[in-house]
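The values are calculated or read from the model by the stated rules, or taken from the named source; none is laboratory data. Everything numeric in this text was worked out from a predicted model, so none of it was measured. Cβ placement follows ideal geometry from the backbone for every residue including glycine, while neighbour counts extend to all protein chains displayed.
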Amino acid sequence: MMRNENENPHAPFQPDPKEEQAIDELIAKYPTKRAACLPLLHMCQRRVGWISPEVIDFVAKRLEMSTAEVKGIVTFYTMYHHAPVGKHVIWVCRTLSCELRGAKTIQEHLERRLGCRPGQTSRDGRWTLKKAECLAGCGYAPVVQIDDRYYEELTPAKLDAILDQIEKGEMPPQSETPWRLP
């Protein structure tokens, strides 16, 4: 499922036939329907951009779970957005290793450049800025995650170069560190 920016966020969530087939195939991979909850939520979030109440209802019905169970999962994991977000989501790691190596400087730089604070979206709707407790790159701090890619050993200048590429419609490759899988 791909994100549809023109989709009404309050309409009932309804996958098309191709998406239904993908959902059926996903559920078939697991011993129980409920075991497919996390990946199904990811599929829905990629389409809608966030986990709306309508998505929670859909997932609960599709997996024969209560809406409270699904909402509990959505609110437990930070990878699910509880409100609409910008086209790109930037997570700044703020754990001790990153903090000691400049995460605060990176975050303040992003706040100035994007014109928003953590938990907010830039006025142009391109960027949502968030704080992460840990992005698991302590040896390569400071670390930022943009969408599903990780960028390590950042300086404001390196980060600006990455953001400039993204704004041109290019997605720069993530950092190539020995511990990260291809």
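Can you work out which of the residues in the stretch 119-173 that are over 17 Å from the mean Cα position of the chain (by Cα) and among the hydroxyl-bearing types (S, T, Y) is nearest to M79 (Cα to Cα)?
Here the answer is Y140.
Among the residues of the stretch 36-94, write down those that are within 15 Å of P15 (Cα to Cα), in a helix (DSSP H, G or I), touching a residue at least 24 places away in the same chain (Cβ under 8 Å) and of a type in the set (A, V, I, L, M, F, W, C).
L41, M43, C44, V48, V55, F58, L63, listed by residue number.
Being over 30 Å from L154 (Cα atoms), surrounded by fewer than 17 Cβ atoms within 10 Å (Cβ to Cβ) and among the hydroxyl-bearing types (S, T, Y) is the requirement here; does T67 meet it?
It is true that T67 is over 30 Å from L154 (Cα atoms), surrounded by fewer than 17 Cβ atoms within 10 Å (Cβ to Cβ) and among the hydroxyl-bearing types (S, T, Y).
Could you tell me which numbered condition H109 fails, if it satisfies all but one of (1) free of Cβ contacts under 8 Å to residues at least 12 places away in the same chain; (2) surrounded by 14 or more Cβ atoms within 10 Å (Cβ to Cβ); (3) not polar (S, T, N, Q)?
Going through the list (1) free of Cβ contacts under 8 Å to residues at least 12 places away in the same chain; (2) surrounded by 14 or more Cβ atoms within 10 Å (Cβ to Cβ); (3) not polar (S, T, N, Q), H109 breaks only (1).
Look at P118 and say whether it is in a loop (DSSP other than H, G, I, E, B), surrounded by 15 or more Cβ atoms within 10 Å (Cβ to Cβ) and touching a residue at least 40 places away in the same chain (Cβ under 8 Å).
Answer is no for this residue.
Run down P39, P17 and say which single residue is at pLDDT below 95 and either loosely packed, with under 14 Cβ neighbours inside 10 Å or not assigned by TED's automatic domain parsing to the domain that holds Q145 (or both).
After applying the criteria, what remains is P17.
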